[in-house]
Amino acid sequence: MGRAIVMLVSLACYAAFFATFLYLIGFVGGFAFMPSHIDKGMQALPFNAVLANIGLIALFGVQHSVMARKGFKQWWTGIVPAPLERSIFCLATVLVLIALYRFWQPIGGSLWSVEGEGARTVIWALFWLGWGMVLISTFLLNHFELFGLQQAWLHLREKAASPPQMRSPLFYKWIRHPIYSGFLLAFWATPDMSYGHLLFAAGFTVYILIGIAHEERDLTTLFGDDYRDYARKVGMLVPGVGKRS
């Protein structure tokens, strides 16, 4: 595959991922203008809805976890060009998320519904803070490498990537996984917690904790004692909480 084609494919995958990410914000927020969201979609009996929704969350977890592992990447780059590996990962995530948006089944009932306008405003502020943390944290690391553009760009220019470096900018000085912290804040900060939203938030919390275990194992393999020392000093998802002994 030509270098320019690789770059164009990477750009298309990035654009698709970014659009799907924006939809995710509206989907979780349950905004009225969304074609579908966490409390608006296909109708089913509660038991069937729970099973279907758990299956969709599990599908996301399997895709995300399996494709992020080193062994899968080594096999996968024997099929797709190595500079496109991360872009194809993002495209697969897009397809899984589209399936979740399409087939998610709302579950009626409510765990809580906050009435006070001031309290609702605070909760919505936390919701947006969570998404802000997610986006900013991607740039604190390397946004364009994380979503595959840098790999394609270096391939286009016939340059090699720099070796990975252990860094802890801004949020990473206090939290080892601020991207995940942001997602958890965004998923749980809602003034109206339906049972469907509760299942979504709880399911993705389980996935995030499993994903962190795999990710930390990979980071320890990559950075060795540097990462072990970092994990002993810095909380996992909340400052000061979840330090490794």
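The values are calculated or read from the model by the stated rules, or taken from the named source; none is laboratory data. Keep in mind that what you see is a predicted model, and the values were worked out from it rather than measured. FYI the Cβ positions are ideal-geometry reconstructions off the backbone, even for glycines, and counts take in every protein chain you see.
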inquiry  = Any residue in the stretch 234-245 that is over 10 Å from ARG176 (Cα atoms) sitting within a Cβ distance under 7 Å of a residue that is exposed (fewer than 13 other Cβ atoms within 10 Å of the Cβ) and among the hydroxyl-bearing types (Ser, Thr, Tyr)? List the pairs, counting only those 6 or more apart or interchain.
reply    = none
query = Residues of the stretch 1-46 being free of Cβ contacts under 8 Å to residues at least 40 places away in the same chain, more than 23 Å from GLU158 (Cα to Cα) and over 19 Å from the mean Cα position of the chain (by Cα), which ones?
reply = PHE31, ALA32, PHE33, MET34, PRO35, LEU45
key: Every residue from the stretch 117-156 that is outside any helix (DSSP H, G or I) and more than 22 Å from VAL28 (Cβ to Cβ)   = ASN142, GLY148
request  = Just need a number here: residues in the stretch 186-213 that are without any contact (Cβ under 8 Å) to a residue 60 or more places away in the chain and either in contact with a helix residue (DSSP H, G or I) (Cβ under 7 Å, 6 or more places away or on another chain) or crowded, with 17+ Cβ neighbours inside 10 Å (or both).
outcome  = 5
key: Enumeration of residues in the stretch 214-230 that are within 15 Å of the chain's Cα centre (by Cα) and either surrounded by fewer than 13 Cβ atoms within 10 Å (Cβ to Cβ) or acidic (Asp, Glu) (or both)   = GLU215
task = Tell me, please, whether a residue that is farther than 26 Å from ASN48 by Cα, out of contact with any Ser or Thr (no Cβ under 6 Å at 6 or more places or on another chain) and without any contact (Cβ under 8 Å) to a residue 60 or more places away in the chain can be found in the stretch 99-116.
result = yes
ask   = Is it fair to say VAL50 is more than 24 Å from TRP153 (Cα to Cα), modelled with pLDDT of 95 or more and among the β-branched types (Val, Ile, Thr)?
value = yes
MET193, sole failed condition from (1) part of a helix (DSSP H, G or I); (2) modelled with pLDDT of 95 or more = (1)
task = Only one of these is part of a helix (DSSP H, G or I), β-branched (Val, Ile, Thr) and either under 30 Å from GLY2 (Cβ atoms) or within 21 Å of the chain's Cα centre (by Cα) (or both): VAL66, VAL80. Name it.
result = VAL66
key: Among (1) loosely packed, with under 15 Cβ neighbours inside 10 Å; (2) assigned to a helix (DSSP H, G or I); (3) aromatic (Phe, Trp, Tyr) - the single one TYR23 does not satisfy   = (1)
ask   = Is it the case that some residue within the stretch 91-98 is surrounded by 18 or more Cβ atoms within 10 Å (Cβ to Cβ), touching a Gly at 6+ places or on another chain (Cβ under 7 Å), modelled with pLDDT of 95 or more and not hydrophobic (A, V, I, L, M, F, W, C)?
value = no
